[in-house]
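Here is the structure we will look at, set down as structure tokens.
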Amino acid sequence: MQTFFTLKYVFVFFVIAYAFNMDRVLLLAKFTKSLTLILLLSSLFVFFDYLFPNLLYTLSSDGRGIMGVTPGSFFGSRVLYSGFLLLYSILLLSFKYDSGSRKYFIFNYRIYWSLLLFSFVLLFLTFSRKELVILFIAYWVAIIFKGKGINRLLGVTGLIIIGPVILAGLWLVFGESIEANFNENYVRYKIFYYAMEIFEYNFPFGSGPGTYGTVMSKFYTDIYAFFNVDKAITGYGEQIEGPIFDLFFVSLIAEYGLGVIFVMLFIFQPFFSKKDSCVEQVAHVRLLRINAFLMLVGIGSMVPIMGNMVGLLLFFLLGVITSNNSMFIPRQNNA
């Protein structure tokens, strides 16, 4: 059961990529419009987050944000909202510019850059550190990927010069919070520490799916009791409700041992599937996959992305940009 929960979004990818015979460009356009509508509607709820803090959801008490507010909009979570904004930005960055129509896929020049800037501003307001760093890297990858000749050289040179300045600015904003959290009492450090203990004790095959840091471990707590896992990360109730689920990929190491290699290969398989030639005409599929891969690994190392809606949207998108073989649809005989 836990193995299915862990890999369920990969099965979503297979269904979208191979089970349906549909126009991929049209599907990508509809998907983009839907995400844009969600973005615009979410901004209204962000306004209420600042106007009436704690009304829509309980704000974080870690002191981050402007006036102590880190908006989660109708997502009800800063983590989910920032993940959505990162995914939307990565999608927009992949669009190709058509000089004839002066459009980036379905958006004209001004709307495209306005949406890209707007999503960045909203992401910055969440004060989500890992998502901002990943987005900065995504910008860097996009500039290098799209640039040609002297433009690519200028882009790389500019990033080398500007990059440290941006990182210094991020440190000024988030440095105090990072220093306060990253120590031996940091909850994610503890999750990692226990995961390595379990991995070493149960080497080479791990403690088994659903035993540590994943959904089904709520119903099988023997491992937590045996290793005396700190209740600060498992929660204090009868069921595990603490931040134990945060380090998703680390949990897989504890559960599967060396078998995690095969699990990860299955999870990452969608990034290496044959890309759709029609989608490639309107978007840089390879660029999108590179940044999506960075997003999956970067966020999945800190939060359970394979179990939330951001992960679902990500693998749905990967299915949309993959070449459709229609393995479940009878092919017509051309004879």
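The values are calculated or read from the model by the stated rules, or taken from the named source; none is laboratory data. Here the structure is a predicted model, which means the values were calculated and not measured. Here Cβ is always computed from backbone atoms with ideal geometry, including for glycine, and neighbour counts include all displayed protein chains. Side chains are part of the model used for accessible areas, which takes the heavy atoms of the whole protein and leaves out ligands, DNA and RNA. Shrake-Rupley method; radii C 1.70, N 1.55, O 1.52, S 1.80 Å.
Shape verdict for segment 1-150, please, from the Cα gyration tensor: rounded (a/c under 1.5), prolate (a/b greater than b/c) or oblate.
oblate
I'd like to compare 274-287, 296-309: which one has the highest average count of other Cβ atoms within 10 Å, and what's the full order after that?
Order by mean packing, descending: 296-309, 274-287.
Accessible area, 1.4 Å probe, largest first: how do 189, 112, 50 sort?
Details: 189 110, 112 5, 50 55 Å².
I get 189, 50, 112, largest accessible area first.
Give me the accessible area of residue 103, 1.4 Å probe, in Å² rounded to the nearest 10.
80 Å²
What residues have an amide H closer than 5 Å to that of residue 275, excluding those fewer than 5 places away on the same chain, when H is modeled at 1.01 Å from N in the peptide plane?
Here the answer is 323, since their amide H atoms fall under 5 Å of that of residue 275.
Ignoring ligands, DNA and RNA, what percent of the 1.4 Å accessible area of segment 1-142 is carbon and sulfur?
Numbers: 4620 of 6580 Å².
Here carbon and sulfur together make up 70 percent of the probe-accessible area.
Specify whether the C-alpha gyration tensor of segment 107-149 places it in the rounded, prolate or oblate class, a ≥ b ≥ c being the square roots of the eigenvalues: rounded for a/c under 1.5, otherwise prolate if a/b is larger than b/c and oblate if not. Write out the running numbers ahead of the final one.
Numbers: a/c = 4.43, a/b = 1.20, b/c = 3.69.
Taking the square roots of the gyration eigenvalues as a ≥ b ≥ c, segment 107-149 is oblate.
Residue 74 to residue 301: extension gain in nm, 0.36 nm per residue of separation minus the Cα-Cα distance? Intermediate values should be presented prior to the final figure.
Values: separation 227, 0.36 × 227 = 81.72 nm, distance 2.44 nm.
Once the chain is fully extended between residue 74 and residue 301, it gains 79.3 nm.
Near the amide H of residue 103, under 5 Å away, which other amide H atoms are found, from residues 5 or more places off or on another chain, if H is placed in the peptide plane?
98
Would you list which lysines come within 22 Å of residue 8, measuring only between C-alpha atoms, while excluding same-chain residues fewer than 8 positions from it?
Straight-line reach from residue 8, under 22 Å: 218, 274, 275.
Please go through segment 281-322 and write out the chymotrypsin sites (Phe, Trp or Tyr not before Pro) that DSSP classes as loop and that have at most 12 other C-beta atoms within 10 Å.
In loop regions of segment 281-322 (DSSP not H, G, I, E or B), there are no sparsely surrounded chymotrypsin sites (Phe, Trp or Tyr not before Pro).
Distance from the Cα centre of segment 73-135 to that of segment 1-58, in angstrom?
Segment 73-135 and segment 1-58 have Cα centres spaced 13 Å from each other.
Taking 35 Å as R0, compute the FRET efficiency from the Cβ-Cβ separation of residue 221 and residue 20 and round it to 0.05. It would help to have the intermediate numbers written out before the result.
Details: r = 41 Å, r/R0 = 1.17.
Working from the Cβ atoms, E equals 0.30.
At 1.4 Å probe size, what's the solvent-accessible area of residue 219? Round to the nearest 10 Å².
The value for residue 219 is about 130 Å².
Residue-wise, which Karplus ³J(HN,Hα) couplings in Hz belong to segment 244-255, taking 6.51 cos²θ - 1.76 cosθ + 1.60, θ = phi - 60°, and x for glycine or proline?
Working through the residues one at a time gives 4, 7, 4, 8, 4, 5, 5, 4, 5, 5, 5, 7 Hz.
Does segment 224-300 come out rounded, prolate or oblate, given a ≥ b ≥ c as the square roots of the eigenvalues of its C-alpha gyration tensor, rounded meaning a/c under 1.5 and, failing that, prolate meaning a/b above b/c? Spell out each step's value before the answer.
Numbers: a/c = 4.43, a/b = 2.48, b/c = 1.79.
Verdict is prolate for segment 224-300.
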